[in-house]
Amino acid sequence: MFQSVTPQAIIDDCLKLTDQEGYGLFGSSGDGYPTLVAWINNELTTLWQWGKRVNRDAFTKVTPALTMPAGAYTMSMTAAAPAGAALTDWASPRGVDVATSTNNWRKLKLYNFVTRDHVGLLSYRFIGDTLWLQPIDQAGTYQFRVWYLYSAPVVTTATLATAISIPEGSDEYIKQGVAAKMRQKLDDSPDLHYALQKQARSEVTATLTSAHGDQIIIADVMEEVGPELW
């Protein structure tokens, strides 16, 4: 469902699409194509925004087992280890599990922020990128892991040869979006590129949607309990 592509390959194709091979209006490999790199990042950000709405599971990761530092009950997902989880692609949380025994993970319930002063069973809440576990005296009892939506890859002028992972077929979406901006810069019509980009978006959406398989939305109506009761 995902493919690997280098930013340089995207740039090369964009130059071909706009007949700009060998011209220096948009930079060169020597100075890293700064304008094109910025446009690629814009397209990646937009791709991730609508891609996550189509299929959140496709853009979900889980951390390795984490342990709350001694005496602590909060942990930043982006701060450096060991005080934080040191995630460089953090976007937003999806849920938290705790290990009740080796390789036995159970879902941790979300606590109600309004009643945070009388939480009885171990539960969690996120404030920004910081995980809070309550009650405080149980925060370091168990290992935990965090499921999260990850952010789009970021291209730099120094990483043009480094492959990035993107949804299958979305390289065409990015190319046509960048090519459209190039056409505008050249005072040419971008309409054809935008039309092709729209078509590419439809195809990527279909791929992401079909990846759901036969999943349906299921409401969890079971009584949730803290791990200390299992």
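The C-alpha atoms of the chain define a longest principal axis, and helix 7-17 lies at about 30 degrees to it. Extension gain, S29 to R53: 0.36 nm times the residue separation minus the Cα-Cα distance gives 5.2 nm.
Think of each Lys and Arg Cβ as +1 and each Asp and Glu Cβ as -1; about the Cα centre, that makes the dipole of region 80-166 roughly 260 debye.
Basic side chains Lys and Arg get +1 at the Cβ, acidic Asp and Glu get -1 at the Cβ, and with that the dipole of region 1-104 about its Cα centre reaches some 560 debye. Along the axis of the charge dipole computed for the chain (Cβ charges of +1 for Lys and Arg, -1 for Asp and Glu, origin at the Cα centre), the listed residues L36, S165, G177 are led at the positive end by S165.
When the chain is modelled as a GNM with alpha-carbon springs shorter than 10 Å, which of E168, E21, E43 fluctuates the most? Highest fluctuation among the options: E21. How many lysine pairs does the chain hold where the Cα atoms are under 16 Å apart and the two sit 8 or more places apart or on different chains? Value for the chain: 8. Amide H to amide H, with H built 1.01 Å from N, W90 comes under 5 Å of S151, counting only residues 5 or more places away or on other chains. The antiparallel fraction among DSSP beta bridges confined to the chain stands at about 95%.
Of S210, S92, S151, the residue with the greatest mean-square motion in the GNM of the chain, using alpha carbon springs below 10 Å, is S210.
Judged by the gyration tensor of its Cα atoms, with axes a ≥ b ≥ c, region 44-106 is oblate; a/c meets the 1.5 cut and b/c is at least as large as a/b. Whole-Hz Karplus values for region 52-69 come out as 5, 6, 6, 8, 5, 4, 5, 10, 10, 10, 10, 6, x, 4, 10, 10, 5, x Hz, taken residue by residue from phi with 6.51 cos²θ - 1.76 cosθ + 1.60 and θ = phi - 60°; glycine and proline positions read x. For the chain, a Gaussian network of Cα nodes joined below 10 Å ranks F113, F59, F26 by mean-square fluctuation, and the top entry is F113. A crude spin-label estimate for the pair A211 and S76, with each label 7 Å from Cα along the Cβ direction, gives 3.1 nm. Among residues other than L149 whose Cβ falls under 9 Å from its Cβ, what is the net charge (Lys/Arg +1, Asp/Glu -1)? It works out to a net charge of +4.
Residues whose amide H comes within less than 5 Å of that of G95, counting only those at least five positions distant or on another chain, are W147 (H built at 1.01 Å from N in the peptide plane). Here's the picture: charge each Lys and Arg Cβ at +1 and each Asp and Glu Cβ at -1 in the chain, and of S4, V98, G84 the one pushed furthest to the positive end of that dipole is V98.
If the segment from D89 to A161 were pulled out straight at 0.36 nm per residue, it would be longer than the present Cα-Cα gap by 24.0 nm.
The HN-Hα couplings worked out from phi for region 88-95 by the Karplus form 6.51 cos²θ - 1.76 cosθ + 1.60 (θ = phi - 60°) are 8, 10, 5, 10, 7, x, 10, x Hz, whole numbers, x standing for Gly and Pro. Where does helix 170-185 land angle-wise versus the long Cα axis of the chain, in degrees 0 to 90, nearest 10? Value to nearest ten degrees: 50.
Neighbour counts of other Cβ atoms within 10 Å put I127, I166 in the fewest-to-most order I127, I166.
Every number in this text was worked out from the coordinates using simple rules, so none of it is lab data. Worth saying up front: this structure is predicted, and the values here are computed from it rather than measured. FYI the Cβ positions are ideal-geometry reconstructions off the backbone, even for glycines, and counts take in every protein chain you see.
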